[in-house]
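Let me begin by presenting the structure, written as structure tokens, before commenting on it.
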Amino acid sequence: MADTSEKLALIVGAGSGLSASLARALAKDGYQIALAARSTDKLDAICRETDAKAFACDAAKQSDVESLFTALDGLGPALDVVIYNASYRTRGPLIELNPPDVEKALMVSAYAAFLVAQQAAKRMLPRGSGNILFTGASAGVKGYPQSAPFAMGKFALRGLAQSMARELHPQGVHVGHFVIDGGISSAQRPADPQKPDAMLHPDAIAESYMALINQPRSAWAWEVEVRPWVEKF
């Protein structure tokens, strides 16, 4: 377990599912938790469970992101972990896609991630430590039909993470990108009882995030790909 005394973890794009599992795992490891989302109403339960603080933030707006990090500065503990977990998906045949929806997919999945990462790096680089992690998808390494906007956003996110890792690792800041290659089970999307291992469990994914956070720096990874063991690839 890492030394997490007086350390803060931020999850952007928080809600139920994976981000809630990440909040639980980080809290269990001793971190103070901050959760950011466009609407904080859905965060009440996980805030009570993990003693987290919730912040309203549209991550695609520079002013919102700057205000969020200024508020975190006032909490006291050093910001040690930032996880970008937000994305937006619109689907359909290429010629039928609505351009404003495509723009939103790029803004939320990639541009907003840059805004968050930039603010995180500004705080981590002076002390030469910290973790900036991004939640990607299989769409970030292979574009599926009728899913061009999601692929565009996730490809850009992966490029951001790889570029940041090459720039920031030598300066002590660990950057990680997770390729979530499969569906994540949830209360709204439970696993098929006949195929219980066909979906990823959010708690299991969170364990992989914690393993990356706690990696010795002599053997840092910048990317982890996770999928159900029964899935062919």
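Rule-based calculations on the coordinates, nothing more; no lab input. Quick caveat: nothing in here was measured; it's all calculated off a predicted structure. Please note: Cβ atoms are built from the backbone with ideal geometry, for glycine as well, and neighbour counts cover all protein chains shown.
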On the formula 1/(1 + (r/R0)^6), with r taken between the Cβ atoms of Ile95 and Glu231 and R0 of 35 Å, the FRET efficiency rounded to 0.05 is 0.65
Under 5 Å, built H, 5+ apart or other chain: amide partners of Ala54
Leu35
Positive-pole candidate from Leu18, Thr90, Pro100, dipole of region 1-121, charges at beta carbon
Thr90
Would you please classify the overall shape of the chain from the alpha carbon gyration tensor, given that a ≥ b ≥ c denote the square roots of the eigenvalues, rounded means a/c under 1.5, and beyond that prolate means a/b larger than b/c while oblate covers the rest?
rounded
So which lysines can Lys142 reach, going by Cα to Cα under 21 Å and dropping same-chain residues fewer than 8 places off?
Lys104, Lys154, Lys232
Sorted by chain and then number, the residues having a modelled amide H within less than 5 Å of the amide H of Leu133, at least 5 places away or on another chain, are Val82, Ile83, Tyr84, Gly176
What percent antiparallel are the DSSP beta bridges of the chain, to the nearest 5?
0
Packing-based order for 217-223, 41-47, using average beta carbon neighbours within 10 Å, highest first:
41-47, 217-223
Dipole of region 7-226 [Lys/Arg +1, Asp/Glu -1 at C-beta], most positive-end residue of Ser109, Val173, Ala151
Val173
Roughly speaking, what is the centre-to-centre gap between region 43-106 and region 175-233 when only Cα atoms are used, to the nearest Å?
21
For the chain, modelled as a GNM with alpha-carbon contacts under 10 angstrom, which of Ala23, Ala56, Ala86 fluctuates the most?
Ala56
In this model, which of Lys42/Lys195; Lys7/Lys28; Lys61/Lys122 are farther than 22 Å apart at the alpha-carbon?
Lys42/Lys195
Förster-model FRET efficiency, 22 Å R0, Gln215 and Gln171, C-beta, rounded to 0.05
0.85
